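The structure under discussion appears below in the form of structure tokens.
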Amino acid sequence: MKYNFLEIEKKWQKYWRDNKTFQVSISEKPKYYVLDMFPYPSGAGLHVGHPLGYIASDIFSRYKRHKGFNVLHPQGYDSFGLPAEQYAIKTGQHPKKTTQENIDMYRRQLDRIGFSFDWSREIRTSEPNYYKWTQWIFTLMFNSFYCKIENKAKHISELINSFEKDGDNVYKNELENLDYSFTNEEWKNFNDKIKSDILMNFRLAYITDGEVNWCDELGTVLANDEIINGVSERGGYPVTKRKVKHWCLRISKYSDRLLEDLNKIDWPEPLKEMQRNWIGKSKGVSLKFEVENSDKKIEVFTTRPDTIFGVSFLTVAPEYRDLYDISSSKNRKEIEDYLKEVSVKSERDRLSDVKSVSGVFTGSYAIHPFSGKKIPIWISDYVLVSYGTGAVMGVPAGDQRDFDFAKKFKLDIPNIFDQIDISKSAFSDKTGFKLMNSEFLNGYDYETSLEIIISRIEDKKIGKSKIQYKLRDAIFSRQRYWGEPIPIYYKNDIPKNIDAIHLPLKLPEVDNFLPTKNGDSPLGNSNEWAWDEKNKKVTLNSKIDNVNVFPIELNTMPGWAGSSWYFYRYMDSKNDKKFISDETQSYWSDVDVYFGGSEHATGHLLYSRFYQKFLFDLNFLQKDEYAKRLVNQGMILGNSAFIYRKSGTSEYFSKNLINNIEFDRIRIDIKYVNTENEVDIDRLKKEDKEFNNASFHFDNEKFECIREQEKMSKSKFNVVNPDEICDQYGADTLRMYEMFLGPIEQSKPWDTRGISGVYSFLKRFWSLFFEDDKLTLTEDIPSEESLKSLHKTIKKITEDIEKLSLNTCISSFMICVNELSALKCNNRIILEQLLVLISPFAPHFAEELWSQIGNKKSIIDEKYPEFDKKYLIESEKNYPVSFNGKTKFTINLSLELDVNEIEKIVLSNEKTISILNNVKPKKVIVVPGKIINIVL
RNA sequence: GCUCGAGUGGUGGAAUUGGUAGACACGUUGGACUUAAAAUCCAAUGAGCAGUAAUGUUCGUGCGGGUUCAAGUCCCGCCUCGAGUACCA
């Protein structure tokens, strides 16, 4: 019988569907949760790079199931957010429609590959019965504050109680942005608006009015991790600073826990490192400088208080809060000019402008706390408002930026480092110096001076040790249509949340869902977007004059709101009473292995950890980390084709090829290029419009086609569609080939030519079962050799799957089948076990043969074979005999021999004698079971 | 700039953690089958040198040193590429 993969795959996919094979529920068995990062259905469809992680996780899930675990392996769609909406806008359709279409396409493509997903648990973040809970979590955050004393989130009512009882006594330290203090009596007398404003400083979801990253093209605000190199991650559009009222999540309160708990989880070290850098903890000192002729003080944050005597100026950020209080009115004009100049700069300008130094003198001076000297105060945009205190002390001798600044504006550069030349650049090392010109710190090194200065600063009560984080609060508002509405309404300007029982607050239908350049949210286009507080429902805007009807927040949530907690919903996706029942949570607990790309390191993977800890604090979750182990799959790179001008050719590419012009090469679709890198010019010119109009003549003499490896993408004309591979070779071959390509976490190029190796392997395996097209198995006791081959393979496969080294698994299968083919093995015992072994990798293939050899039940729950040591015991070893470490020949010896016996045999060996040629060896090293080395 | 990660045949990649470098594949070459092609099967395949040949021999894991009986693997110093980050005081 022939290996007819198309028929087989269809048959078994239907069988699994009909028998609900992959539907799981709570059982007596131990659980195992294998999770993939769910896709956002983008419209371009899948290419062979997408399923890489899914295949690995599927193999692992099926393997764990064979091992006796009750495996939860769900899948869903991250269907809200920018990608889905951008696609809808591009194609001029409603996002609801395109999302549904894209999901259908994804599903069709995924189904062909034979995944063992439990689709009965499917979730979509854009479905009301899902986002109901996303909104619910938001209201929890709105109604919570972070208690520093207990180091956890608590309900806001506790804070209010404390204010009513003790004023701000207990939580005074947390009122960082508030200038005034209040007693319990004063609190009670505050009006609602003031109370609300004060509480906003505490709420974990809060509204604020600060500057945000604004993207004109996308018509929305973006979070820091959505900006790459000063442009938007989606689409690469410019980003500017803009003052917008927006919601934020106070993730910064969790900085330390997010950092510390990285030690608890088995995630890839590079990824943890990225999170550590993003959180950016640094220890230092905050220090107050008096300002001459002013009540205001300037507080700076520094990690180098030891260089305090090197301070020759202070610099504050252009957005510094007390800017006008600390600057001289004489300099007003220059300052305002400078502020204007800075504000027009986009994020990208600022980045590309890092080298150039700009700033303006405030006209006033601060007083050095130890030397008493007058220090000029400057304004410069190299200082960031959002980090530290928004002000820095300028130490040109010890910091390159301060050095450059001082040079540019001709400020003092006092040297405080003995014997060190700072005429060309600053000296920023923490070792290898002794201080000078530093009064009581003279002669000390970094460590010692640090200790002295900190105690001096604390004695003088002008500052204290401080830990500073780079991690900022997460901007939560999007001025977009396709996202979860934020369940907040404004009662007399005071934000109130819609209670959980009235959720979901459903996304309204609007005629125009396009984003606007002025930042108005498309939800404003709805004429039914007001909250009737009395009847607890959404009503017409026209009723807002009514005392009980109030406007609803127009912004929607960012894409990561829905993806920050979705892995819990899978456990109990149908539950409409709770986001997840205690019972299901107790059983499924957490994710055992999470597969996904490292590009989410500082986005999704950080936000979801924050959500986890928050919900843990409020006792909704039982663990404070959700994924024990994480595997980053690498990318599969596509072959892009470029036409280059050969050197010496004076001919240029035609100007008509505008869209494809990149320097002196042209990108073309890889389908026009054959394996010899020859371009099919005729077809290219016929099918490609741009080439059709081009005056460019391809000529092998003047141009050449070169392949380059890049990320697969439709726009790069280098995608390979998994459907085509399934048509031609079958899903099992695709699955195995993707794994065979290389280590899962590595990026590796796709080469369709290589697939034939895996395909013919499966065919060879298949043919072990047949003779002259008829199933022919013997029931005899298997031969020693075949048993050895099998058990060697079982051992290797089991070890490698656990390590997720799946590429070497495929090699082992090939070796085994090669060996069995050579042995002409058609033994049932051997082949049956081998089928179970390979079933996670090539499930359709294994099911088919399993049933053909007479099994009635699916192979899916068959016990995974275990190796028996007795078949692996070697009695002999082919020892390499090396001379000075270089192997000259091998000798087959019994493993029972001891060192002396081996040495004797080797030395009397005729080859040894001839190589030694009467020279007496200096030393003979024998490592039993490994090697023999003769030292001359 | 800083922080990670990686450099092994023509290509993708193996290497029990210090013990026969190049497993397993692709590709290439030769052969078998075939009128022919496809498919399949067999053989060779790191480079160089010597030999008709079996074989022998030298060099070989980015570069330069070191430790060791033995280094792709460990240590020191460089180079190149990739990823992340970017005025974080």
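The values are calculated or read from the model by the stated rules, or taken from the named source; none is laboratory data. From a predicted model like this one, the values you see are computed outputs, not experimental measurements. FYI the Cβ positions are ideal-geometry reconstructions off the backbone, even for glycines, and counts take in every protein chain you see. Calculation scope for accessible area: heavy atoms of the full protein, side chains included, ligands and nucleic acids excluded. Shrake-Rupley method; radii C 1.70, N 1.55, O 1.52, S 1.80 Å.
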Can you tell me which residues in region A:539-562 are outside any helix (DSSP H, G or I), in contact with a strand residue (DSSP E or B) (Cβ under 7 Å, 6 or more places away or on another chain) and either farther than 30 Å from A:SER608 by Cα or small (Gly, Ala, Ser) (or both)?
A:THR539, A:LEU540, A:ASN548, A:VAL549, A:PHE550, A:PRO551
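Within region A:498-517, how many residues turn out to be of a type in the set (Val, Ile, Thr) and outside any loop (DSSP other than H, G, I, E, B)?
Count: 1.
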Open to solvent by 10 Å² or more (accessible area, probe 1.4 Å), in contact (Cβ under 8 Å) with a residue 12 or more places away in the chain, under 27 Å from A:LYS10 (Cβ atoms) and small (Gly, Ala, Ser) - does that describe any residue in region A:101-115?
no
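Having 3 or more residues that are free of Cβ contacts under 8 Å to residues at least 60 places away in the same chain and within 28 Å of A:ILE326 (Cα to Cα) is the bar; report the strands (runs of 3 or more DSSP E) wholly within region A:345-464 that clear it. Steps first, please.
Values: elements: A:360-367, A:374-379, A:391-394.
The qualifying strands (runs of 3 or more DSSP E) are A:360-367.
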Pick from region A:739-779, criterion more than 19 Å from A:ALA846 (Cβ to Cβ) and surrounded by 20 or more Cβ atoms within 10 Å (Cβ to Cβ), ranking: nearest to RNA strand B (Cβ to nearest atom)
A:LEU741
Of everything in region A:811-832 that's out of contact with any Pro (no Cβ under 8 Å at 6 or more places or on another chain) and among the polar types (S, T, N, Q), which residue is most open to solvent (accessible area, probe 1.4 Å)?
A:ASN818
Restricting attention to region A:896-912, the residues that are part of a loop (DSSP other than H, G, I, E, B) and either surrounded by fewer than 12 Cβ atoms within 10 Å (Cβ to Cβ) or over 57 Å from the mean Cα position of the chain (by Cα) (or both) number exactly 3
Name the pairs whose Cβ atoms lie under 8 Å apart, with the first residue in region A:789-810 and without any contact (Cβ under 8 Å) to a residue 12 or more places away in the chain and on the phi > 0 side of the Ramachandran plot, the second among the basic types (Lys, Arg) and surrounded by 18 or more Cβ atoms within 10 Å (Cβ to Cβ), and 6 or more positions between them or separate chains?
none
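Just to check your reading of the model, which residue among A:GLU127, A:GLU185 is modelled with pLDDT under 95 and either open to solvent by 10 Å² or more (accessible area, probe 1.4 Å) or over 26 Å from the mean Cα position of the chain (by Cα) (or both)?
Answer to the check: A:GLU185.
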Tell me, which residue of region A:523-571 that is within 17 Å of A:PRO495 (Cα to Cα) and among the acidic types (Asp, Glu) is most open to solvent (accessible area, probe 1.4 Å)?
A:GLU533
Just checking, which of A:PHE370, A:PHE433 is aromatic (Phe, Trp, Tyr) and closer than 17 Å to A:VAL311 by Cα?
A:PHE370
Return the residue satisfying two criteria in turn: it lies in region A:155-182 and is open to solvent by 20 Å² or more (accessible area, probe 1.4 Å) and modelled with pLDDT of 90 or more, and of such residues it is nearest to the chain's Cα centre (by Cα).
A:HIS155
Extreme residue, least open to solvent (accessible area, probe 1.4 Å), among residues of region A:881-895 that are in a loop (DSSP other than H, G, I, E, B) and within 10 Å of RNA strand B (Cβ to nearest atom)
A:GLY885
Can you give me the number of residues within region A:257-310 that are of a type in the set (Lys, Arg) and in contact (Cβ under 8 Å) with a residue 60 or more places away in the chain?
6
Has region A:858-870 got at least one residue that is within 16 Å of RNA strand B (Cβ to nearest atom), open to solvent by 10 Å² or more (accessible area, probe 1.4 Å) and either touching a residue at least 24 places away in the same chain (Cβ under 8 Å) or within 29 Å of A:LYS930 (Cα to Cα) (or both)?
yes
Looking only at region A:859-911, count how many residues are closer than 30 Å to A:ILE829 by Cα and not hydroxyl-bearing (Ser, Thr, Tyr).
18
All but one of (1) open to solvent by 10 Å² or more (accessible area, probe 1.4 Å); (2) more than 10 Å from RNA strand B (Cβ to nearest atom); (3) over 19 Å from A:ALA842 (Cβ atoms) hold for A:GLU799, so report the exception by its number.
(2)
Could we say that A:LEU540 is under 35 Å from the mean Cα position of the chain (by Cα) and within 24 Å of A:TRP136 (Cα to Cα) here?
no
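Give region A:373-414 a look and list any residue that's aliphatic (A, V, I, L, M), near RNA strand B (Cβ under 8 Å from one of its atoms) and more than 18 Å from A:ASP306 (Cα to Cα), or say none.
Keep residues of region A:373-414 that are aliphatic (A, V, I, L, M), which gives A:375, A:377, A:379, A:383-385, A:391-393, A:395, A:397, A:406, A:411, A:413.
After this cut, where a residue has to be near RNA strand B (Cβ under 8 Å from one of its atoms) as well, the list is A:383-385, A:391-393, A:395.
Answer for region A:373-414, where residues must be aliphatic (A, V, I, L, M), near RNA strand B (Cβ under 8 Å from one of its atoms) and more than 18 Å from A:ASP306 (Cα to Cα): A:VAL383, A:LEU384, A:VAL385.
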